[in-house]
Amino acid sequence: QVQLVESGGGLVQPGGSLRLSCVASGSISRILTMNWYRQAPGKERQLVASITNDGGTDYGDSVKGRFTISRDNAKRTLYLQMNSLKPEDTAVYYCQLFGAATIVSRARDYWGQGTQVTVSS
């Protein structure tokens, strides 16, 4: 069973930085994409950033130029460096992996439990 555990969230002042991490454990045969989502109270979950197996990245418009997604395949870890944080970045941030547990399994989504990021003075 694939498990994802996020860490690195917390309270930060506007303009500050945080680095989120997500460690994947368990049986994983193929990782296709890894993504960061966020969900603010009363709002739908939105895609923040994604990274493919060959390192291609994409970002939501609201975070372009401020956030950077990266991954360390050897450590099975996904990162999100968040700079110039704004109050509107406040949300629970979720790590998502799209991949397959075995070579014969169909790829599916796996989710972490989320980590709270609060941007406030």
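For region 17-44, the set of residues classified as surrounded by 14 or more Cβ atoms within 10 Å (Cβ to Cβ), aliphatic (A, V, I, L, M) and over 19 Å from Thr118 (Cβ atoms) consists of Val23, Ala24, Ile28, Ile31, Met34, listed by residue number.
Filtered by the rule that a residue be open to solvent by 70 Å² or more (accessible area, probe 1.4 Å), among the polar types (S, T, N, Q) and modelled with pLDDT of 95 or more, region 1-13 gives a lone residue, Gln13.
For (1) touching a residue at least 40 places away in the same chain (Cβ under 8 Å); (2) farther than 23 Å from Ser121 by Cα; (3) of a type outside the set (Gly, Ala, Ser); (4) open to solvent by 50 Å² or more (accessible area, probe 1.4 Å), each residue gets a yes or a no:
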position	(1), (2), (3), (4)
Gly15	yes, no, no, yes
Gln46	no, yes, yes, yes
Asp61	no, yes, yes, yes
Phe67	no, no, yes, no
Leu80	yes, no, yes, no
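Quick one: Asp109 ticks every box in (1) touching a Phe, Trp or Tyr at 6+ places or on another chain (Cβ under 7 Å); (2) surrounded by fewer than 15 Cβ atoms within 10 Å (Cβ to Cβ); (3) in contact (Cβ under 8 Å) with a residue 24 or more places away in the chain; (4) not β-branched (Val, Ile, Thr) except a single one, so which number is it? Asp109 satisfies every listed condition except (3). Give the residues of region 1-17 that are more than 12 Å from the chain's Cα centre (by Cα) and either assigned to a strand (DSSP E or B) or of a type in the set (A, V, I, L, M) (or both), sorted by residue number. Hits for region 1-17 are Val2, Gln3, Gly10, Leu11, Val12. Of the strands (runs of 3 or more DSSP E) lying entirely inside region 18-91, those carrying at least 1 residues that are within 17 Å of Leu4 (Cβ to Cβ) are 18-25, 30-39, 46-52, 67-72, 77-82. Only a single item in (1) within 24 Å of Val2 (Cβ to Cβ); (2) open to solvent by 60 Å² or more (accessible area, probe 1.4 Å); (3) outside any strand (DSSP E or B); (4) modelled with pLDDT under 95 is not met by Phe98, and it is number (3).
When Gln81, Gln1, Gln13, Gln39 are checked against the criterion of being under 30 Å from Val104 (Cα atoms) and of a type outside the set (A, V, I, L, M), Gln1 stands alone in meeting it. With respect to Asp89, determine if the residue is under 15 Å from the mean Cα position of the chain (by Cα) and open to solvent by 40 Å² or more (accessible area, probe 1.4 Å). Judged against the criteria, Asp89 is not a match.
The values are calculated or read from the model by the stated rules, or taken from the named source; none is laboratory data. Predicted model only: the values in this text are computed from it and were never measured. FYI the Cβ positions are ideal-geometry reconstructions off the backbone, even for glycines, and counts take in every protein chain you see. What goes into the accessible areas is simple: the full protein's heavy atoms, side chains included, and nothing from ligands, DNA or RNA. Shrake-Rupley method; radii C 1.70, N 1.55, O 1.52, S 1.80 Å.
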